[in-house]
Every structure is written in structure tokens, then in C-alpha cells.
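Here's the structure, in C-alpha cells; my notes come after.
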Amino acid sequence: MKKFVISGFYGLGNTGDEAILEAIIDNLREEFENPDITVFSLSPQKTAEEHNVKSVYRAWRRENKEKVKALKEADLLISGGGGLLQDAYPTKFLFGPLPYYLLIVLLAKICNTKVMFFSQGIGPVTSGWGKFLMKLANFADFITVRDQYSKELLHKLGVTQPETVVTSDIVFAFKAKNDDACIKSLPLKGDEKMVAVSVRPWFDRIEQFQQMAQVLDRLILEEGVTPVFVPMEGHHDVDASQKVMSYMNHPDKTIMLGKDFTPNQYLNFIGECDMTIGMRLHALIFSTLKGIPHIGFSYDKKVESLLKRSGMWKYSADLDNIDVNQVTENAKAILHNREAESLTVRKNAEGMRNEAKRNLYLMKEKFFA
């Protein structure tokens, strides 16, 4: 029996990260016979119940002996996936994502346990302390990253010891299960032209909310669409969605989906929409998986990289360079040519699904051959 510890941003209610965890667990169970899996989670009881795994509290304030025990017994620490190694959020001496995830790696190596950075998106890393800490990533035994930009950034930051391979986000290997809870929760007649809308807070910026509001108002009037806000990270995205509505002339023509659905339920809902306009990376990944054409507002290189691979970058925009008229015309062009655009997305999704599966094949080759 192979034993794995999974370390990531789990148990905090972020749909994208919970989708990553579900995809990792499902694929481990497909590739290995009855694997023993322990997840470091901020909500260990919930994580254990939802995924039928062992779970240990992830923060340092308690259960540190349990962390050490799990790492000592493990065949492999899977660090990832997602955007763990970054200092976009405040990074002090031992506070922030970078110190936390790299200290877990260091602890694993002290316990003589192999480490794989798994399907990660790297960066941004701009602070002097962050760049210094990134050198610890050289302790990893093997790295897969979800885009070429991440590989290049690792090398630029001096992470050159472990072999690094570009694959794709493990969520592209997500095993969807039929579930229509989201669509059943909405007051729909059945003939709506639904556009999934995903917005998130991004520091103190509000301009993108005003721009999204203008785009949606025009699509309501000119295309008869029904925008449905999909809050991928609980109240944070609900608040951001409500800000967009506050700038709209026709907020009464929109719908807000509940914030407590599972990743699988959100995925199935997005698959029922005509298109997606969004910021959240995993809302755009869900759209790609389901062959739903999409427009992204890119706030980070990871979003731009995904949009280029899905074939939708030509319709999308950088957060600092959004032209409302152009985005609106792009959305209309997608709606008028939806079948062809959907075919493009499905074709590109298949390639990324194969690349996502490579994360597992490479793991088996490097650690269990």
C-alpha cells in the first residue's frame, strides 16, 4: 500500500482548491491500489468525511506531532496543486504561503520523505525574502508545473536542482459526477440564455467590477442573456458579485447562485451555460472542461496562460487593459458562433486532460517504478 501526504490550500472553502484536491484523490485511487492518503487541511474533520481520507490540521498552532508522524510514514509528499508558491499576499518571516509550504517540504525532507511539487502554478514572487525562500524548493525531488511560465520563473528564481516538467492543472483530470443541484436551485423557466459570471476581489481594485457591469448590461439588452453569478470562494465572491450588481442598470435581470455548492456541482452548472465571463481561474477551467466558450479578465499570468491554451485569449483581456466595447463585441461574437467556439475549446481541453493525467504517470515513473 502506497502512502501519500497532500499539502495545499485545503479546508478553506475555495472551490478551485477543493476541486484540485478531489481530482488528486480520485486520480491517485485510479492509479494506485487502495492508497493511504492523509491531507493537511484547515478543516480536517470535514475533509476526512468528504473524501474518506485521513486529515491533519494544516496550521502550526496544533497537531504538529501528527504532521511529523504522517510525513515519516509517507512514501511521498504531494505539494500542490494550485498556486501555492507565491508572495502576492503579505509574506513576513514565517507568515504567508511561501514560508508555510516550503517549511512543510523541509519537514518532509528531515523525515526522509520524497517530495513532489505537483501540477503547480508558480508566482508571483517579487520580494527579496520570497526569492530567498524559493531556494528551498531545490529540496524537492521532482516538479510538475501547469504552464511554461511557471517553469521559466522557477529557473529564474534559482530552482534548478529538481527536474521540472510542464503538464497542466490537475483539475483537467477531474472526474465529473452527474449532479444538477445548482440548476434546480434557481428560479428558471428553461429558455434562458445563461452566462456564468465569476468575479473575485483583487486587492482594492473596483474598476473591473464597473467594467463587468457595463458588459453585462449591454448583453442583457442586446442579446437577452441571463447572467448567473457563480461564487467560487464563499462570501468573498458573493461580495464581489454584489459590487458588480451595484453598478448595473439591470441587476434585476441577474441571478446569484448559492455559495455552498461542491466543485462538482459548480462544474455541472457551468456546463449548462452558453458562455462564461470570469476572473476565477477554476471557473475558466471548468468552462474549458465542459466545452463552454469563455472570456477571461486576467489578473495573473496563470489566467492568461490558461486562456491561451484553451483558445480563448483572443476574446479575453488583461485586467489592466479592459475595453468594455471590445469585450462586449467579443461576447456577442462568441454567442453568435457558439458551436464552432465550443468545438475549439473541447479540442484544446482534451489535450490539457491528457497533460493533467501525465502528472500521475510521471509520479509513478519517478517514485514507484
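The values are calculated or read from the model by the stated rules, or taken from the named source; none is laboratory data. Computed from a predicted structure; not experimentally measured. Cβ sites come from the backbone with ideal geometry, for glycine too, and all protein chains shown count toward neighbours. Just the protein is used for accessible areas: all its heavy atoms, side chains included, with ligands, DNA and RNA removed. Shrake-Rupley method; radii C 1.70, N 1.55, O 1.52, S 1.80 Å.
Taking (1) open to solvent by 30 Å² or more (accessible area, probe 1.4 Å); (2) closer than 30 Å to Leu257 by Cβ; (3) of a type in the set (A, V, I, L, M) in turn, Ile170 satisfies each apart from (1).
Is there a residue being more than 21 Å from Asn27 (Cβ to Cβ), touching a residue at least 60 places away in the same chain (Cβ under 8 Å) and crowded, with 16+ Cβ neighbours inside 10 Å anywhere in segment 132-144?
The initial filter retains those residues of segment 132-144 that are more than 21 Å from Asn27 (Cβ to Cβ), namely 132-139.
So of that shortlist, the ones also touching a residue at least 60 places away in the same chain (Cβ under 8 Å) come out as none.
Scanning segment 132-144 turns up no residue that is more than 21 Å from Asn27 (Cβ to Cβ), touching a residue at least 60 places away in the same chain (Cβ under 8 Å) and crowded, with 16+ Cβ neighbours inside 10 Å.
The selection criterion, being open to solvent by less than 40 Å² (accessible area, probe 1.4 Å), in contact with a strand residue (DSSP E or B) (Cβ under 9 Å, 6 or more places away or on another chain) and assigned to a helix (DSSP H, G or I), does not hold for Leu360. Within segment 187-196, is there a residue that is open to solvent by less than 10 Å² (accessible area, probe 1.4 Å) and either under 30 Å from Glu63 (Cα atoms) or not small (Gly, Ala, Ser) (or both)? Yes: one or more hits.
Among the residues of segment 87-131, write down those that are closer than 29 Å to Phe368 by Cβ and among the basic types (Lys, Arg). Residues satisfying the conditions are Lys109, Lys114. Report whether or not Thr328 is touching a Gly at 6+ places or on another chain (Cβ under 6 Å) and not aliphatic (A, V, I, L, M). It is false that Thr328 is touching a Gly at 6+ places or on another chain (Cβ under 6 Å) and not aliphatic (A, V, I, L, M). The residues in segment 213-232 that are crowded, with 21+ Cβ neighbours inside 10 Å and either within 21 Å of the chain's Cα centre (by Cα) or acidic (Asp, Glu) (or both) can be counted, and the count is 5. Of the residues screened, Lys314 is one that is open to solvent by 10 Å² or more (accessible area, probe 1.4 Å), over 14 Å from the mean Cα position of the chain (by Cα) and at pLDDT 95 or above.
Does Glu341 meet the test of being crowded, with 18+ Cβ neighbours inside 10 Å, among the acidic types (Asp, Glu) and under 30 Å from Glu207 (Cα atoms)? Taking the combined requirement at face value, the residue satisfies it.
Lys301 meets all of the listed conditions (1) open to solvent by less than 10 Å² (accessible area, probe 1.4 Å); (2) in contact with a Gly (Cβ under 9 Å, 6 or more places away or on another chain) but one, namely (1).
Restricting Tyr299, Tyr266, Tyr247 to residues that are aromatic (Phe, Trp, Tyr) and farther than 30 Å from Gly11 by Cβ narrows the list to Tyr247. Determine whether segment 237-246 contains at least one residue that is in contact with a His (Cβ under 6 Å, 6 or more places away or on another chain) and either among the hydroxyl-bearing types (Ser, Thr, Tyr) or free of Cβ contacts under 8 Å to residues at least 12 places away in the same chain (or both). Within segment 237-246, none of the residues are in contact with a His (Cβ under 6 Å, 6 or more places away or on another chain) and either among the hydroxyl-bearing types (Ser, Thr, Tyr) or free of Cβ contacts under 8 Å to residues at least 12 places away in the same chain (or both).
Hey, among the residues in segment 34-51 that are touching a residue at least 24 places away in the same chain (Cβ under 8 Å) and over 24 Å from Phe172 (Cβ atoms), which one's surrounded by the fewest Cβ atoms within 10 Å (Cβ to Cβ)? So, considering only residues that are touching a residue at least 24 places away in the same chain (Cβ under 8 Å) and over 24 Å from Phe172 (Cβ atoms), the one surrounded by the fewest Cβ atoms within 10 Å (Cβ to Cβ) is Asn34. When Gly81, Gly128 are checked against the criterion of being open to solvent by less than 10 Å² (accessible area, probe 1.4 Å) and either among the small types (Gly, Ala, Ser) or out of contact with any Cys (no Cβ under 7 Å at 6 or more places or on another chain) (or both), Gly81 stands alone in meeting it. Beta carbons closer than 6 Å, at least 6 apart along the sequence or on distinct chains, pair a first residue in segment 187-200 that is over 15 Å from Met256 (Cβ atoms) with a second that is of a type in the set (A, V, I, L, M, F, W, C) and part of a strand (DSSP E or B) for Lys193/Val225. Among the residues of segment 238-273, those identified as closer than 15 Å to Ser198 by Cα, open to solvent by 60 Å² or more (accessible area, probe 1.4 Å) and in a helix (DSSP H, G or I) are Asp239, Gln242, Lys243. When the residues of segment 107-119 are filtered to those that are over 25 Å from the mean Cα position of the chain (by Cα) and either assigned to a helix (DSSP H, G or I) or aromatic (Phe, Trp, Tyr) (or both), the one that is nearest to Tyr10 (Cα to Cα) is Leu107.
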